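**Q** Following this message is one structure expressed as structure tokens.
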Amino acid sequence: MPSNTRTPAAVPRSRRALLRTAVAGTAAAGAGLTLGSAFPASAAPRDAESAGRVTTPAQALRRLAAGNQRWRTQHQEHPHESAYLRRRLVEGQQPFAVVLGCVDSRVPPELVFDQGLGDLLTVRSAAEVLDEAVLGSIAYGVLELRVPLVLVLAHQSCGAVAAAVHADETGEPLPAHIRYLADQIRPSIDHGQHGDARVDATVSAHVREVRRRLAAEPDLAGKVAAGELAVVAARYELRDQQVRTLS
């Protein structure tokens, strides 16, 4: 497991307690943050190498917003790539956000948010589907590295969601491992829509559900309630490269 320089937070010994699926009725995602349909407009410091340490969910969101603004306007800074920074990271890491994203090759979080080495703890699975490895990886970032923000990042035209919708509509069998993905997505399928609109609506419904489950996970819910952590759902639009948060 990656090294870090922080004093580890107390972690329950029970692995099941760390990884079990959330239940309804626990803490709401992103409590204490006011988010619009797009990322916050206020800019974070442009010199990412000298920027101060991020300790709050709002600071983390602002830094991601500033990076996404640079990315979509083609003013990337490619921060945290210097020889000095690489040497410093040998001693440990202090990422400011966990990004749970899709495996899609068009949506790499470090590029989409113009971040560099040591900035993001990235976890990727098709359509942001949760399993024990994904949950454990996110919990490690929050509990051990004390990351203040978990961003669940869906995207336009998600192939895994489209496959799940197609299988649901046609009853066609899927290969075993892909069937697992489809089974996780199926409860979020929006049957009030049709065609491409159904896929698009399901992308948003599914990322909201993943966010809800993460925020309600017992080891994360307490930090959300205390304002130390936000779990936020968002979408990346391939057409304009903008990340927009979802309520």
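The values are calculated or read from the model by the stated rules, or taken from the named source; none is laboratory data. All values reported here derive from a predicted model rather than from experimental measurement. Cβ sites come from the backbone with ideal geometry, for glycine too, and all protein chains shown count toward neighbours. Surface areas here come from the heavy atoms of the whole protein model, side chains and all, with no ligands, DNA or RNA. Shrake-Rupley method; radii C 1.70, N 1.55, O 1.52, S 1.80 Å.
**Q** After finding the eigenvalues of the alpha carbon gyration tensor for segment 84-212, what semi-axes result from the square roots of 5 times each, listed largest first in whole Å?
**A** Semi-axes from the Cα gyration tensor: 32, 14, 12 Å.
**Q** Over the alpha carbons of segment 171-247, what is the largest minus smallest coordinate on each principal axis, giving the biggest first in Å?
**A** Between the extreme Cα coordinates on each principal axis of segment 171-247 lie 45, 33, 22 Å.
**Q** Hey, if you put +1 on the Cβ of every Lys and Arg and -1 on every Asp and Glu Cβ in segment 129-209, which of Ala176, Ile138, Ala160 ends up farthest toward the positive end of that dipole?
**A** Ile138
**Q** Right, here's the next one. Take each of the peptides 114-126, 194-206, average the number of other beta-carbon atoms within 10 Å over its residues, and list them starting from the highest.
**A** Answer by packing, highest mean first, reads 114-126, 194-206.
**Q** Which order do peptides 222-230, 131-139 fall in by mean Cβ count within 10 Å, highest first?
**A** Details: 222-230: 18.9, 131-139: 17.0.
The most tightly packed comes first, giving 222-230, 131-139.
**Q** Using the heavy atoms of the protein chains and a 1.4 angstrom probe, tell me the accessible area per residue for segment 97-247 in square angstrom.
**A** 38
**Q** Compute the Rg to Rh ratio over segment 72-145 from the alpha carbon atoms, using the Kirkwood formula for Rh, and round to two decimal places.
**A** That ratio equals 1.00.
**Q** Then there is this: So how strong a dipole does segment 134-210 carry about its Cα centre when Lys and Arg Cβ are +1 and Asp and Glu Cβ are -1, to the nearest 20 debye?
**A** Rounded to the nearest 20 debye, it is 260 debye.
**Q** Report, in whole Å, the centroid distance computed from the Cα atoms of segment 181-228 and segment 88-158.
**A** 17
**Q** So what's the net charge close to Val224: Lys and Arg +1, Asp and Glu -1, counting the other residues with Cβ under 12 Å from its Cβ?
**A** Net of charged neighbours comes to 0.
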